[in-house]
1. Looking at segment 473-485, is at least one residue charged (D, E, K, R), more than 27 Å from the chain's Cα centre (by Cα) and over 14 Å from residue 550 (Cα atoms)?
2. Give me a count of the residues in segment 517-535 that are part of a helix (DSSP H, G or I) and in contact with a helix residue (DSSP H, G or I) (Cβ under 6 Å, 6 or more places away or on another chain).
3. Only residues that are over 12 Å from residue 80 (Cα atoms), of a type in the set (Phe, Trp, Tyr) and in a loop (DSSP other than H, G, I, E, B): list them for segment 539-581, please.
4. Listed residues 409, 381, 435; which is in contact with a His (Cβ under 7 Å, 6 or more places away or on another chain), within 27 Å of residue 341 (Cα to Cα) and among the β-branched types (Val, Ile, Thr)?
5. Being within 28 Å of the chain's Cα centre (by Cα) and surrounded by 17 or more Cβ atoms within 10 Å (Cβ to Cβ) is the filter here; which residues of segment 281-298 pass it?
6. Within segment 369-390, how many residues are open to solvent by 60 Å² or more (accessible area, probe 1.4 Å) and either farther than 20 Å from residue 591 by Cα or in contact (Cβ under 8 Å) with a residue 60 or more places away in the chain (or both)?
7. Any chance you could count how many residues in segment 252-267 are in a helix (DSSP H, G or I) and either in contact (Cβ under 8 Å) with a residue 60 or more places away in the chain or crowded, with 17+ Cβ neighbours inside 10 Å (or both)?
8. Please specify each residue of segment 579-627 satisfying the condition of being touching a Gly at 6+ places or on another chain (Cβ under 7 Å) and open to solvent by 40 Å² or more (accessible area, probe 1.4 Å).
Amino acid sequence: MKKIINYIILFAITWNISCTDVLEQQAVDSFNEDVVFSDINLVKAYLGACYSMMGGRNTSGQANDGVLGLHRDMLTSATDQTLCPFRPQNYVHLKGTMSPDQLGFFASDNHGGWLRWMNLYNNIQNLNTILSRIDDVPVQTTAEESLRTRIKGETYFIRALMYTHLLMVHGGVVLSDTPYKLNEDFLSIKRSSIADTKDFILSDIAHAIEFLPPEMEQGRATRGAAGALKSRLLLFCSGKLMNGGYEPGNELVSFPAGSQTALLEAARDAAKDVMDGKYGSYALVGNTSEPVLPLTEAQIQEYAEVYFNIFNQKGVWNSETIWGIQFPLKDGRVNQVNLWNGPNGYHNYGNNEPTEPAVRSFEMADGTPFVWDAVDPGNDTLRTATAAELLDNPLRNPYNGREPRFYATVLYHGASWQERPADAKGFESNNRIQTGHIYNADGSIAQRGIDTRQGPIDDWNGTKTGYYMKKFMDPETVGQYYNNTNAWVEFRYAEILLNYAEACIELGDANLQSGLAALNQVRNRAGLPSRVTTDRETARTYVRHEREIEFFGEGHRFWDLRRWMLFGQVIRNVYGMKIKEYVNGDMEWKLDYNDNEDPRTWNGDRFYWLPLPRDEVNKAPQLQQNPGYN
């Protein structure tokens, strides 16, 4: 970290900046800091570059795929929920190979770039530059004065977000609130404790809330976004991992003994501030009343559509969205999630595929657990059903009768999707997913499934698990040819409710029922019945399950499994679901344990923390490495 390059990236045209006089004096590509901070509109453009860098940039400053969590290889594939079939070895913590020299996904600009040490500190350098000079930028009008104050608030928010990512992957980190100078020697800098890092971030969040106005242009930082970040940070910090679970005496990765209760109380209160409208008005979309069961098929689909559309917003955001990233096709940010995750029978890539255990974790429509061997007790691999049996009991099909969020999240064999491209219609004309083959009565293959790896359209990119991710895709976007325009929702009100629920449940006693009430708002919106218990351990199971399903694919699971220290309990090899659909209507579903698509292993608690990259430690050898790494 001997030199941190200060990228001066100005998007004057992209960000619609009016700065004619300045541009007439000096070309955009020759701007220096003095020019930038001579005009408030150029500072706004500079800040725009900092927003853009949240997706991660390589050393040439070129934009990469996606922003924050929306990339070709997603953070969800660093958990038990999904499989990245193209680069599974990059998820090095699941392979037992993570080291300071091998960070895989977490060192890749094109995939995990928004969590990469170098990218985060490059952006922090730019943000520090703004904060060091913003008060001296000349302003002529009240509007410009308001803009200057607003820019300060946005800058504090982005810096808080950058440092939150650093804390959540590394623990205590190097804290800096002033810009480094070229050729500055960094041999004296040290990592701060995780407690001091948390306090530094909270100070930035407080400044963001102070300087941001009540209303903001959609897509820019808001008070609500700052409040949501505070809630996320404090809940993470209250976890077992940082509170006696691993290296309790190491201040870089653990809080002082006895801190957990205060952290849980702070997490509860931070979420409650958002719930009480302190930073703006937010609410779940859809019907949050207790559902009247049983739901009809039409009602299940209605609940599913409400949930699905949270992630398919293209215009004005709904009441649940606190903050996210827009993709207007004109500012360089890339959203190609239909291409990245869509089925290969549509000439898409089929990435980030749900795993079988994750699919089984979705409940039935009445709120009871899904039980694979319900029709054949003791057999956890095979289900069969004749056409007559399916007619008599449709629930013999494991994908029938499931909760609404399942239908909004997963594309399974038989699920409806987009109209097929012209060259695929001759193989499948009903616009239904085929992740299994079609068989004749004698067991011979009548037709290979169009969305399998043996399909007649593309045979290299079909699903390995038997599923595709529907969530985040847009039914109106043809991924083969066009980019998506639906937003990435980074903070939403459901997270606040479940943050509050978990903090209350962990605090127990008088807080438990308040926590369940918040949890049940999320369940009821999903068409599921309320949870009822007076037992904290049972309530803990409920809220952890709810987070697993409600936030499926959004990346929260990576943080949750780490702070709960549960990776070792859930990580297992990924096996393929093999489906046979017979021309006479008979069906077979088999989890094939001979088809090990991704061998995985959890090889020690040290993997709960990412090591500092070797290159950074070589540049500043005095930086203490995280425990368990050399």
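1. Our first condition is that a residue be charged (D, E, K, R); within segment 473-485, this holds for 474, 476.
The next check asks that each one be more than 27 Å from the chain's Cα centre (by Cα); those that pass are none.
No; the residues of segment 473-485 include none that is charged (D, E, K, R), more than 27 Å from the chain's Cα centre (by Cα) and over 14 Å from residue 550 (Cα atoms).
2. Of the residues in segment 517-535, the ones part of a helix (DSSP H, G or I) are 517-525.
Narrowing further to those that are in contact with a helix residue (DSSP H, G or I) (Cβ under 6 Å, 6 or more places away or on another chain): 518-519, 521-522.
Adding up the residues that qualify gives 4.
3. 551, 564
4. Details: 409 fails: in contact with a His (Cβ under 7 Å, 6 or more places away or on another chain); 381 fails: in contact with a His (Cβ under 7 Å, 6 or more places away or on another chain).
None of the others qualify; the one that does is 435.
5. Hits for segment 281-298 are 282, 284, 285, 286.
6. Initial filter on segment 369-390 (open to solvent by 60 Å² or more (accessible area, probe 1.4 Å)): 369, 371, 374, 376-378, 380, 384, 388-389.
Filter once more, keeping what is either farther than 20 Å from residue 591 by Cα or in contact (Cβ under 8 Å) with a residue 60 or more places away in the chain (or both): 380, 384, 388-389.
Qualifying residue count, segment 369-390: 4.
7. Start the filter on segment 252-267 by keeping residues that are in a helix (DSSP H, G or I), which leaves 260-267.
Pick out the ones that are also either in contact (Cβ under 8 Å) with a residue 60 or more places away in the chain or crowded, with 17+ Cβ neighbours inside 10 Å (or both) and you get 260-261, 263-267.
Going through segment 252-267 one residue at a time, the tally reaches 7.
8. Within segment 579-627, 580, 581, 597, 601, 602, 603, 606 meet the criteria.
The values are calculated or read from the model by the stated rules, or taken from the named source; none is laboratory data. Computed from a prediction, not measured in an experiment: that's the story for all the values here. For neighbour counting, all protein chains shown are included, and Cβ atoms are generated from backbone atoms with ideal geometry for every residue, glycine included. Quick note on the areas: whole protein, heavy atoms, side chains included, nothing else; ligands and nucleic acids left out. Shrake-Rupley method; radii C 1.70, N 1.55, O 1.52, S 1.80 Å.
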